[in-house]
1. Of the conditions (1) surrounded by 10 or more Cβ atoms within 10 Å (Cβ to Cβ); (2) modelled with pLDDT under 95, MET1 clears all except one; give me its number.
2. Go through the range 28-47 and count every residue that is in a loop (DSSP other than H, G, I, E, B) and within 21 Å of the chain's Cα centre (by Cα).
Amino acid sequence: MQNVILWVLMYLLARSLKILFLHLTIVMFLMSLVQIINLLISLKMVL
């Protein structure tokens, strides 16, 4: 019985980590996108 509880905990932990990782990659992507847009805007200002 204890093994089952351990497996369930491991599964939930892995799932939450995967979701967290996905959110982190999405946030990083959005932040880099914003930086690229800011760079383009500043280049347009110069030109």
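1. So MET1 meets the others, but not (1).
2. Going through the range 28-47 one residue at a time, the tally reaches 0.
The values are calculated or read from the model by the stated rules, or taken from the named source; none is laboratory data. No experiment lies behind these values; they were computed from the predicted model shown. Using ideal geometry, Cβ is built from the backbone for each residue, glycine included, and neighbour counts are taken over all protein chains shown.
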